[in-house]
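Asks: Pasting in a structure now, in structure tokens, and then I'll have a few things to ask.
The values are calculated or read from the model by the stated rules, or taken from the named source; none is laboratory data. Please read all numbers here as calculations on a predicted model, not as lab measurements. Note that we place each Cβ from the backbone using ideal geometry, even for glycine, and neighbour counts take in every protein chain shown.
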Amino acid sequence: MAEKIPAWFASAVSRYLAPEIIRIVDERVTRSESALKDLMNARFKAIEDSMNARFKGIDDRFRGLEDTMNARFATLDAKIDGFEKRLDLVQRVALLEAKVREIEAKS
């Protein structure tokens, strides 16, 4: 079949039609690529939003646990302060008892 095509026709096709065909193909590939990029960006955005929502839930749970732990630590700190005050009072009472015994021993 190639023998039946005149040389001038093959030359005209390669000179005039080939660049137009290349331009059309390039345009379609560029449009397809752009559409694919948009689709992928939309899907990645949806995945990112979904993950952010899940992480927000986890972050909220951790904040709640952190608040609970902080409240418990505050309670423990208050109890320790109370024990330290009691210990101070017990030490004072022990000193007073020792002084009373000393005074009783002298009398």
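Asks: Mind checking whether some residue in the range 82-91 is of a type in the set (K, R) and modelled with pLDDT under 95?
Replies: yes
Asks: Next up: Among all residue pairs at least 6 apart or on different chains, which show Cβ distances below 6 Å where the first residue, located in the range 61-79, is assigned to a helix (DSSP H, G or I) and the second is surrounded by 10 or more Cβ atoms within 10 Å (Cβ to Cβ)?
Replies: If the second residue must be surrounded by 10 or more Cβ atoms within 10 Å (Cβ to Cβ), no pairs are left.
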